[in-house]
Amino acid sequence: VPADGLPVFVLSGAATGLVGSMLGLGGGVFLVPLLTLGLGVPFQAATAASLVSVLATASASASVHMSRGFINLRLGLALAVATSLGGLAGGVAASWLTSGQLSALFAVTAAAMGLLMARRSARRNVIADLSISPGLLGGRLREGADLYVYRARRLPLGFAFSALSGAVSGLLGVGGGVVQVPVLNAFCGIPIRVAAGTSTFMIGVTAAASLGPYLGRGDLRLPLTAAVALGALPGSLLGVRLAEHVHARSLKLLMAAVLIGVAARMGWAAL
Amino acid sequence: VPTARRRSELAFTGGLAASALLLLAGLLSGQEGALRAGTLILVAIPVARLAVVAVHLLRQREWAFAVIALWLLTVLASSVAVALHVRPTATPSGAGARATP
């Protein structure tokens, strides 16, 4: 990597960290195509750099999410079981489907989720009646001066999609937060901020686990990766604070836009 | 948030700051060691956070969730084992690196 190219990588990391931390995504879904198609980085090196950038984004925003009570640990851990089992199943599914078919499937799912998020953007998942029990996987959420309760609904669907996201992310390198956050919000009744916070906690763990093979193979290009991660740190700190001042509805619409964009990209890849 | 967890969050924030400084210094000076250390800290923080959560759940006697957290930590440990194990296949000619899809 030429030294004069480094500022571009820092900026890419910052932009990814900004949007990723607002929505609880790692940002690999933007960063990998940006690095490979836009900046000519080989796919393996781009994926490794993206994983480190996810770690930077997740670590920087998790502290803020944790202090605000936006991380639902029980829910995150329960979903992690589904995600890892899905990851195993993904290896089996890979022998049935071509990557084109997988991309097409992912594109259709992402587009449907995007439209659903946009349609339901005005609907809130919170209950103002504090006497209602949040249940095992629900919780309480403070927004400004108001305290709300939320309950987890349609959990089997949430687990099924988590398993799917585990399967797909192993195969396409996409799908940690970008599947979980919309499913948790649109189907499972989890407020968007809690969905994002919980996802942030989990994607850090997933990215650390996925990085092992890349490190071993020597796919980590240090100056490039460091530049991207260095940008992602301030970008995500800014993003997570920005998200606090943005309406939940705007966050959902931003998520919907990201999903439609991802659907377009995956649809393109499938053709 | 309990005090122990808040304290560990403070440590993680310090770690992030250290990592950012190391990455910046490494990029400006071209020192690989600083870049490697900065990156390693980034990998270590989510793992450490999960370990803190596991301890917290054990203390709270939330056995089911504690078991999940501990199991995830073993998955992470196996990933480290993979990182150490895969290395020998990467021969100086780069055959190992090419063998990946």
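Derived scalar couplings between HN and Hα for region A:260-270 equal 5, x, 5, 4, 4, 5, 5, x, 4, 5, 6 Hz in order, rounded to whole Hz, by the Karplus curve 6.51 cos²θ - 1.76 cosθ + 1.60 (θ = phi - 60°), x for Gly and Pro. Oblate is the label for region B:33-90, because the ratio a/c of its alpha-carbon gyration tensor axes (a ≥ b ≥ c) is 1.5 or higher and a/b is not greater than b/c. Computed from the alpha carbon atoms alone, the convex hull of region A:184-229 holds 93 Å³ per residue. Counting every C-alpha pair in region A:133-271, the share spaced more than 27 angstrom apart comes to 30%. Using a cutoff of 8 angstrom between alpha carbon atoms and counting only pairs six or more residues apart, the relative contact order for region A:18-68 works out to 39 percent. When B:Glu32, B:Glu9 are sorted by how many other C-beta atoms sit within 10 angstrom of their C-beta, beginning with the fewest, the order is B:Glu32, B:Glu9.
Net charge of the neighbourhood of A:Pro134, taken over other residues with C-beta under 10 Å away and scored Lys/Arg +1, Asp/Glu -1, is +2. Stokes-Einstein diffusion for chain A, with the hydrodynamic radius set to the Kirkwood value over Cα pairs and evaluated at 20 °C in a medium of 1.002 mPa s, equals 116 µm²/s. Both radii were evaluated on the Cα set of region A:62-150; the Rg over Rh quotient, with Rh as the Kirkwood radius, amounts to 1.09.
Ordering A:Ser67, A:Ser236, A:Ser84 from the fewest to the most neighbouring beta carbons within 10 Å gives A:Ser67, A:Ser84, A:Ser236. Taking the number of Cβ atoms within 10 Å of each Cβ as an exposure proxy, the fewest-first ranking of B:Thr3, A:Thr98, A:Thr36, A:Thr109 is B:Thr3, A:Thr98, A:Thr36, A:Thr109.
By the helix-only formula, in which each DSSP H run with n ≥ 4 contributes -39500 (n - 2.57) and the sum is divided by residues, chain A has a 222 nm mean residue ellipticity of -24000 deg cm²/dmol.
Every number in this text was worked out from the coordinates using simple rules, so none of it is lab data. Remember, it's a predicted structure, so these values are computed and weren't measured experimentally. With ideal geometry, Cβ positions are generated from the backbone for all residues, glycine too; neighbour counts draw on all protein chains shown.
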